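One structure is given below, encoded as structure tokens.
The values are calculated or read from the model by the stated rules, or taken from the named source; none is laboratory data. From a predicted model like this one, the values you see are computed outputs, not experimental measurements. Neighbour counts are summed over all protein chains in view; Cβ atoms, including those assigned to glycine, are modelled from backbone coordinates with ideal geometry.
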Amino acid sequence: MPSPRRRNAERRATPIAPTRPGTTVGPGMQRAAGYAWRLLVMGVAAYAVVIVVGRLVLPVVAVFVALVITAILRPAADRLARLMPRVLAVVVTVLGALLLLAGLLSLVGETVASESHTLGNDFSGGLDRIEKWLEGAPFHLKANSLSGLKSKLSTFLSAHRSTLVSTAVNEAGRVFEIAAGAALALFCSIFFIHSGDGMWRWAQRQFPAGSRDGTTRAGQAAWRTFAGYTRGIMIVSGTNAILVGIALLVLGVPLALPLTVLEFFATLIPLIGSPVALAIAAVVALAAKGPVTALIVLALIVVIGQIEGHLLHPVVMSWAVSIHPVAVALSVTAGGILYGVIGAVVALPLVSVAWAVISELRTPPAT
């Protein structure tokens, strides 16, 4: 027979049933509430990251570019390091890449300068051909409609000349920011290529000993995915540029080399970069060669898009990332909305790295 004190203690420990029906929170609601507050905390943290990154765009972009350079040049530096000291191998690799880039830009500039006079004559004659074409079927525009448009454009430029000049001066200040960012990216990439492994080991030692295994796996997965994506997108961009360059040369479109280089860099923005670059090439073809050539260039948008989407990306990128096309489109769109062109370029590799890290941490470590 339990004592009165024990019976009172058991009575206090027994949960009291609700007095009214429907006041108990079910397990489904508790689970939903748990997910809700966790998502709320994650949303606040993500918003804080966006705000901080927005204020530190220059160093963040510089580090991203440095990682891209490292992913491209690190294999060459590692191979040269077998034949010479590590420092000399890094210097040779970086200087070789800079000389190659400078030579390419010099060739593009020389091409533009040599074709500028001919291109100006082609454009003036092309505009006349376009005007006559638009006056015929099926558009039937009024005569001299383009001339009126050109006069309105000249009037607008004259009226807003001061605003345009001030905007140009403000934008010119960005040249110094770009130069500073490029110098910072080059500086960081040299150290990443030379001693990136040592820098990562130092960072690992700052974590608690119990979490170092997880950080090692996450870091390896992140770098493997980022490096694979970077090399894969370079292969895709180079292939697209070669196909476009051959087509433009065959069609006789002016400025084929600069447009090819534009196609290479534009393809770094998935889904939307290549069509935009080809649309610019179509405008040049329309003014210089007429509507038939322009339509052929526009058809290249479909052809290149099919080759890129159904051949290059599945074959080249499958070993690096595994992201659904819907996720790709949403990532690029969200990045473009948040940070413009920079966000569109950076969004997909960041999403790919984040997904690779999550997948790695969810997988039990191999024993």
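In the stretch 19-70, which residues are within 20 Å of Leu348 (Cα to Cα), modelled with pLDDT under 85 and hydroxyl-bearing (Ser, Thr, Tyr)?
Hit for the stretch 19-70 is Tyr47, nothing else.
Determine the pairs where a residue that is over 15 Å from Gly232 (Cα atoms), located within the stretch 263-274, has a partner that is among the charged types (D, E, K, R) and surrounded by 23 or more Cβ atoms within 10 Å (Cβ to Cβ) with Cβ atoms under 8 Å apart, the partner being 6 or more residues away or on another chain.
Every condition considered, the pairs that remain are Ser274/Glu263.
Do you know which of the residues in the stretch 39-85 that are surrounded by fewer than 14 Cβ atoms within 10 Å (Cβ to Cβ) and basic (Lys, Arg) is farthest from Gly232 (Cα to Cα)?
Applying the filter and picking the extreme gives Arg55.
Suppose the filter is surrounded by 11 or more Cβ atoms within 10 Å (Cβ to Cβ), more than 30 Å from the chain's Cα centre (by Cα) and either assigned to a helix (DSSP H, G or I) or touching a residue at least 12 places away in the same chain (Cβ under 8 Å) (or both); does Leu88 pass it?
Yes: the conditions hold for Leu88.
Are any residues in the stretch 308-325 surrounded by fewer than 16 Cβ atoms within 10 Å (Cβ to Cβ) and either modelled with pLDDT of 75 or more or in a loop (DSSP other than H, G, I, E, B) (or both), and if so, which ones?
Residues satisfying the conditions are Ser318, Trp319, Ser322, His324.
Among the residues of the stretch 214-227, is any modelled with pLDDT of 85 or more, within 26 Å of the chain's Cα centre (by Cα), closer than 30 Å to Ala71 by Cα and loosely packed, with under 11 Cβ neighbours inside 10 Å?
No, the stretch 214-227 has no match at all.
Considering only residues that are assigned to a helix (DSSP H, G or I) and of a type in the set (Val, Ile, Thr), look in the stretch 241-264 and name the one that is surrounded by the most Cβ atoms within 10 Å (Cβ to Cβ).
Ranking the qualifying residues of the stretch 241-264, first place goes to Val244.
Got at least one residue in the stretch 347-364 being at pLDDT below 80 and in a loop (DSSP other than H, G, I, E, B)?
Within the stretch 347-364, one or more residues are at pLDDT below 80 and in a loop (DSSP other than H, G, I, E, B).
Being under 22 Å from Val57 (Cα atoms) and out of contact with any Leu (no Cβ under 9 Å at 6 or more places or on another chain) is the filter here; which residues of the stretch 186-241 pass it?
Phe187, Ile190, Phe191, Ala222
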